[in-house]
């Protein structure tokens, strides 16, 4: 389905069919969308963590996510986590990759490397995390779009306690911060939210010419 | 074009063709994508401000955006701005709209209204702005996706000084904060970035099973 009609049709599923599974081909679409999303300086400072162990999903649901059923009932459950320590090495790796993919000498990209380092390292650590989390949100928007087009149900979820999710998954030692939860699956036929008309502001309320 | 190939093809245009114009039908696709983007509690706390006056675009380019040519050379130029003061009235208006669209008594949505107010009003003002800006970034991701599918060139731009853009456009009195700049148009045939292979991490570098 083309994107605008698909966006009209999609909704944030509240009740999943636990028996309905997402195929690996469907998962690949979402991962590829996430990977292709544009990010500031192309640094892609996030990881999509797929939580597979049912007991861990149950633990997140009850201890960190206000008992929302999507955490355990969707086919797949992810934590989109931002990198807490984007540093000079991160930037150097990104430049290494660019030189390799483009087949150019690394030295030709060193001006750009300095520019990126100048910006990123001027941010205080908490600002750097806010910056990384914003990039994760761009990728979330692209992932939601790809899911809508492919007819895959997803629920982005901000209702959770990041410190608790980080503790459950040991994210601090991985230098990651849980940013948004994403349930992916097939909605239940009796999800009452499936039948509600979509509520959105008018174009005039969100677009102005100045 | 379907979304994954379109995302592979798109790139952040650096050099636009100033003579090539975006049609109103193309603009409508972008606005509709922005409008349909999912946001936390469906509050859509952002405005897409279309800056039309050439002198104002020039002013932003030279004074606030490091002289990046996209600001003045793209067919259209926008500031995506987040609301700085999402408050109880904002939430009440959102509930009014939901009741109207769904054709239900407002009283049936008051439990949800309390829940949203409880969350939003518990955030300090600066945290509330960070939250609103994250929602703008989801919408940016959806807008970029819709542009890619429709073959419209866009450049999301974080390289600017928000305080200066806010001052130039008088955003503070509108209780808005410039969050990301978006140039929209048709790339120039001699934009050297058009021909560079896309650089991205591998799936394995951004997706892990834990």
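The numbers here are math on the coordinates, done by the rules we state, and not lab data. Keep in mind it's a predicted model, so treat the numbers as computed, not measured. Cβ: placed from backbone, ideal geometry, glycine included. Neighbour counts: every protein chain shown.
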Projected area of the protein assembly as shown, taken from the Cα convex hull and averaged over every viewing direction, in nm²?
19.6
For the range A:68-210, just the Cα set please: Rg and Dmax, both in angstrom.
19.6, 59
If you split all Cα-Cα distances of the range A:1-159 into 10 Å bins from zero, what percentages do you get per bin, shortest first?
10, 32, 31, 20, 8, 0
At 7 Å out from Cα toward Cβ: residue B:111 inter-copy label distances (nm, ascending):
6.2
Is the range A:171-210 best put as rounded, prolate or oblate by its Cα gyration tensor, with a ≥ b ≥ c the root eigenvalues, rounded for a/c under 1.5, and otherwise prolate when a/b is larger than b/c, oblate when not?
oblate
Find the chain B residue whose Cβ sits closest to the rotation axis that carries B onto A, and give that distance in whole Å.
B:141, 1
For the range B:58-135, what does the equivalent ellipsoid look like in terms of its semi-axes, each the square root of 5 times an eigenvalue of the Cα gyration tensor, given largest first in whole Å?
37, 17, 7
Measuring from a point 7 Å out along Cα→Cβ, what nm distances, shortest first, does residue B:12 have to its partners in the other copies?
2.8
Along Cα→Cβ, 7 Å out, is where each label goes; now give me the distance between the ones at residue B:88 and residue A:87 in nm to one decimal.
4.7
Hydrodynamic radius by Kirkwood for the range A:12-63, inverse mean 1/r across distinct Cα pairs, in Å, is 13.9
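Mind checking the mean number of beta-carbon atoms from other chains within 10 Å of the Cβ atoms in A:144-151? Intermediate results must be reported in sequence, preceding the final value.
Numbers: counts 6, 14, 5, 1, 5, 6, 3, 0.
Whole-number average of other-chain Cβ neighbours for A:144-151 is 5.
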Nearest 10, in degrees from 0 to 90: the angle of helix B:125-150 to the longest Cα principal axis of chain B is 50
Within 10 Å of each Cβ of A:36-45, how many other protein chain Cβ atoms are there on average?
5
Give me the number: length gained by fully extending residue B:115 to residue B:173, i.e. 0.36 nm times residue separation minus the C-alpha to C-alpha distance, one decimal in nm.
18.0 nm
Shortest first and in nm to one decimal, what separations exist between residue B:23 and its copies in the other chains, measuring from label points 7 Å along the Cα-to-beta-carbon line?
3.6
Bin all alpha-carbon pair distances of the range B:129-210 at 10 Å intervals from 0 and give each bin's fraction as a whole percent.
14, 33, 34, 16, 3
Rounded to the nearest 10 degrees, the helix A:24-36 long axis (Cα) sits at an angle to the longest Cα principal axis of chain A of 40
Please average, across the residues of A:16-26, the number of beta carbons from any other chain that are within 10 Å of each residue's own beta carbon, and give a whole number.
0
Quarter of the Cα convex hull surface for the range A:118-164, i.e. its orientation-mean projected area (nm²)
4.5
So how tilted is helix A:88-102 from the main axis of chain A? Cα-based, degrees 0 to 90, rounded to 10.
90
